[in-house]
Amino acid sequence: MFAEQYRVIAVSLRHYFPEPWDGHGDDFSILQHADDLAEFTKKLDLGSVHLLGHSRGGAVALNVAARQPEVVRTLILVDTSGLEALLPDTPEARALSAETQRMVDRLAVDLAKGDREAALRTYVEAVAGPGRWELMRPDWKQILFDNAATAIRPEERASLSCEAIRKFQFPVLPLTGEQSPKRYGEMARAIRRCASENVREPIVIPNASHAMNRNNPQAFNRAVLGFLSGR
């Protein structure tokens, strides 16, 4: 649907699918991927682009915007991480911020037991909700099998501050799923409070969890294309 109106490029960052990475090396990080993505954009001479990032990819997109804003025309953040620093300093917010690391730690332990499918099922359903693993297509599951090492790689999520967000000079759209883990909606509302002039009111995709582009593609596409219209 996007390709009917725009040139669409789905970037596979270093060590992600289709590369079955073993998790070794020192060139896998949010900031490395942000620099890679900005350089890729410049190499293709694309000028400024509509940049969409989902989950960890949202943290990558945020850091592209912060480090090399000249390549960003609009920024679309889909259940993005990288905004944990915007959450209030309360016990509940600290617990929400720690959820991702707890899931990663659990995945690492489960993978070490040798049953990759059981480990990934537990991880997916912790993020997307009970029963989501069984609804996934085989090719989507294969991507997870191939890239399991990327999920458990220790890394700093490079969370941005309100001060950094206020420097953005382009429109920003946060989205979250109606059934997504609570932390994503809280971060979407927090970034809106930081910079209400440039950051749009978060859109909640109904009948969808973390993988909202797959759970409810019609509503997701409508929201994103509506935001991009005329930009």
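Scanning segment 137-146 for any residue that is surrounded by 18 or more Cβ atoms within 10 Å (Cβ to Cβ) and under 30 Å from HIS24 (Cα atoms) turns up at least one such residue. For segment 174-192, state whether one or more residues are over 13 Å from GLY58 (Cβ atoms) and of a type in the set (A, V, I, L, M, F, W, C). Taking every residue of segment 174-192 in turn, at least one turns out to be over 13 Å from GLY58 (Cβ atoms) and of a type in the set (A, V, I, L, M, F, W, C). Between ALA95, ALA85, ALA10, the distinction of being closer than 29 Å to ARG222 by Cβ, small (Gly, Ala, Ser) and either at pLDDT below 90 or surrounded by fewer than 14 Cβ atoms within 10 Å (Cβ to Cβ) (or both) belongs to ALA10 only. Go through segment 216-231 and give me each residue that's surrounded by 18 or more Cβ atoms within 10 Å (Cβ to Cβ) and not in a helix (DSSP H, G or I). Answer for segment 216-231, where residues must be surrounded by 18 or more Cβ atoms within 10 Å (Cβ to Cβ) and not in a helix (DSSP H, G or I): just ASN216. Would you pick out the residues in segment 23-56 that are of a type in the set (S, T, N, Q) and either out of contact with any Gly (no Cβ under 9 Å at 6 or more places or on another chain) or within 20 Å of ASP79 (Cβ to Cβ) (or both)? Scanning segment 23-56 gives SER29, GLN32, SER48, SER55. Of the residues ASP36, ASP22, the single one that is in contact (Cβ under 8 Å) with a residue 12 or more places away in the chain, charged (D, E, K, R) and in contact with a Lys or Arg (Cβ under 8 Å, 6 or more places away or on another chain) is ASP36. Taken as a whole, the structure leaves LEU77 outside the set of residues that are among the hydrophobic types (A, V, I, L, M, F, W, C), touching a Cys at 6+ places or on another chain (Cβ under 8 Å) and touching a residue at least 60 places away in the same chain (Cβ under 8 Å).
Residues in segment 167-202 that are crowded, with 21+ Cβ neighbours inside 10 Å and either among the aromatic types (Phe, Trp, Tyr) or closer than 17 Å to THR74 by Cα (or both): PHE168, VAL172, LEU173, PRO174, LEU175, TYR184, ALA188, ILE191, VAL199.
Only one of the numbered conditions (1) without any contact (Cβ under 8 Å) to a residue 40 or more places away in the chain; (2) within 19 Å of GLN169 (Cβ to Cβ); (3) not polar (S, T, N, Q) is not met by PRO91, and that is (2). Considering (1) of a type in the set (A, V, I, L, M, F, W, C); (2) at pLDDT 90 or above; (3) over 18 Å from GLU70 (Cβ atoms), the lone condition that PHE40 does not fulfil carries the number (3). Total residues in segment 111-121 satisfying the condition of being surrounded by 18 or more Cβ atoms within 10 Å (Cβ to Cβ) and either at pLDDT 90 or above or within 19 Å of the chain's Cα centre (by Cα) (or both): the figure is 3.
Elements of the type helices (runs of 4 or more DSSP H) sitting completely within segment 131-215 and holding at least 1 residues that are of a type in the set (Phe, Trp, Tyr): these cover 132-135, 138-146, 182-194.
Residue pairs whose Cβ atoms lie under 7 Å apart, sitting 6 or more positions apart in sequence or on different chains, and linking a residue in segment 104-129 that is free of Cβ contacts under 8 Å to residues at least 12 places away in the same chain and closer than 23 Å to ASN215 by Cβ to a partner that is of a type outside the set (Val, Ile, Thr) and crowded, with 18+ Cβ neighbours inside 10 Å, are ALA118/ASP110; GLU125/ARG132; GLU125/TRP133.
The values are calculated or read from the model by the stated rules, or taken from the named source; none is laboratory data. Small disclaimer: the values here were computed from a predicted structure and weren't measured. Cβ coordinates were reconstructed from backbone atoms using ideal geometry, including for glycine residues, and neighbour counts include every protein chain displayed.
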